[in-house]
Every structure is written in C-alpha cells, then in structure tokens.
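Here the structure is laid out as structure tokens; the discussion comes afterwards.
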Amino acid sequence: MIKYDRLWITMREKDVTQYDLYTTHNINRSQINRLKHNKNVEVNTIDKLCNILHCNVEDIMEHFQDDNRF
C-alpha cells in the first residue's frame, strides 16, 4: 500500500497549502482528494508535486507491505 502522509508534512514544512496546489499549480482537486485517501494517482501527479515542493518522491509517499496481489 502506498500512503501519502509524508506529502502533508512536506507541504507544511514548505508552507504550501492545498489551495495553492489547485489555484497556483493547477493540481486537480480530485487528485488532491485521491492523495488524501491514499488512492492511486498518476506518476505525472507525483512528478508535479516533487517539482512544486522541490523534494524527492520519498518526501511525498511511503510504501507499506500488504497482501494486495494482482
């Protein structure tokens, strides 16, 4: 499972709000909602967030082992 708890911490540290994401940086509100609920998002969204926050992927998301099998 991928969790985005680190995203909110990094945003706080960088003084970037959710409002900033969708008004200034054009991140769709539905994508923000998906991140809030630890749902799938496109890699492009992760890339945008890393660029906006000037951070690495591990500053935004974290993997946790689970029994999810395909």
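Under the rule of -39500 (n - 2.57) per DSSP H run of 4 or more residues, summed and divided by the residues of the chain, what mean residue ellipticity at 222 nm is obtained, to the nearest 500 deg cm²/dmol? Kindly include the intermediate steps, with their values, before the conclusion.
On the way: 4 runs with 35 residues, N = 70.
Estimated from H runs of four or more residues: -14000 deg cm²/dmol.
Determine ³J(HN,Hα), in whole Hz, for all residues of region 59-64 in sequence, where each value follows from phi through the Karplus function 6.51 cos²θ - 1.76 cosθ + 1.60 and θ = phi - 60°; x replaces Gly and Pro.
Going residue by residue, I get 7, 10, 9, 9, 9, 10 Hz, with x marking Gly and Pro.
Sort ILE9, ILE27 by heavy-atom solvent-accessible area, probe 1.4 angstrom, most to least. Intermediate results must be reported in sequence, preceding the final value.
Values: ILE9 80, ILE27 5 Å².
Putting ILE9, ILE27 in descending order of accessible area: ILE9, ILE27.
I'd like the GluC sites (Glu not before Pro) in the chain restricted to DSSP loop residues with at most 11 other Cβ atoms within 10 Å, sorted by number. Could the numbers behind the result be given before it?
On the way: sites: GLU13, GLU42, GLU58, GLU62; in loops: GLU42.
Passing both the DSSP loop test and the Cβ count: GLU42.
If you scale each eigenvalue of the Cα gyration tensor by 5 and take the root, what three semi-axes come out for the chain, rounded to whole angstrom and sorted largest first?
Taking √(5λ) for each Cα gyration eigenvalue gives 21, 13, 10 Å.
Give, as a single signed number, the net charge of other residues whose beta carbon lies under 13 Å from the beta carbon of LYS14, with Lys and Arg counted +1 and Asp and Glu -1. Before the final figure, lay out each step's value.
Details: positive: ARG6, ARG12; negative: GLU13, ASP15, ASP20, ASP59.
Counting the neighbours of LYS14, the net charge comes to -2.
Can you list the residues, at least 5 places off or on another chain, whose amide H is less than 5 Å from the amide H of ILE27, using H built in the peptide plane?
TYR22
Using each residue's phi in region 40-57, evaluate 6.51 cos²θ - 1.76 cosθ + 1.60 at θ = phi - 60° and report the 3J(HN,Hα) Karplus result to the nearest Hz, with x for Gly and Pro.
These are the phi-based 3J(HN,Hα) values: 5, 9, 6, 4, 4, 5, 4, 4, 4, 4, 4, 5, 5, 8, 6, 9, 9, 4 Hz.
Rounded to the nearest 10 Å², what accessible area does ARG34 show when all protein chains are kept and the probe is 1.4 Å?
80
Using θ = phi - 60° and the Karplus form 6.51 cos²θ - 1.76 cosθ + 1.60, what ³J(HN,Hα) does each residue of region 6-21 get, whole Hz, x for Gly and Pro?
5, 4, 5, 5, 5, 4, 4, 5, 8, 6, 10, 9, 4, 4, 4, 4
If I take every Cα pair under 8 Å that is 6 or more residues apart in the chain, average their sequence separation and divide by the length, what percent do I get for the relative contact order?
Values: 58 pairs, mean separation 39.2, N = 70.
Relative contact order, the chain: 56 percent.
The values are calculated or read from the model by the stated rules, or taken from the named source; none is laboratory data. A quick note: this is a predicted structure, and the numbers were derived from the prediction, not measured. Cβ sites come from the backbone with ideal geometry, for glycine too, and all protein chains shown count toward neighbours. In case anyone asks, the SASA skips ligands and DNA or RNA and just uses the protein heavy atoms, side chains included. Shrake-Rupley method; radii C 1.70, N 1.55, O 1.52, S 1.80 Å.
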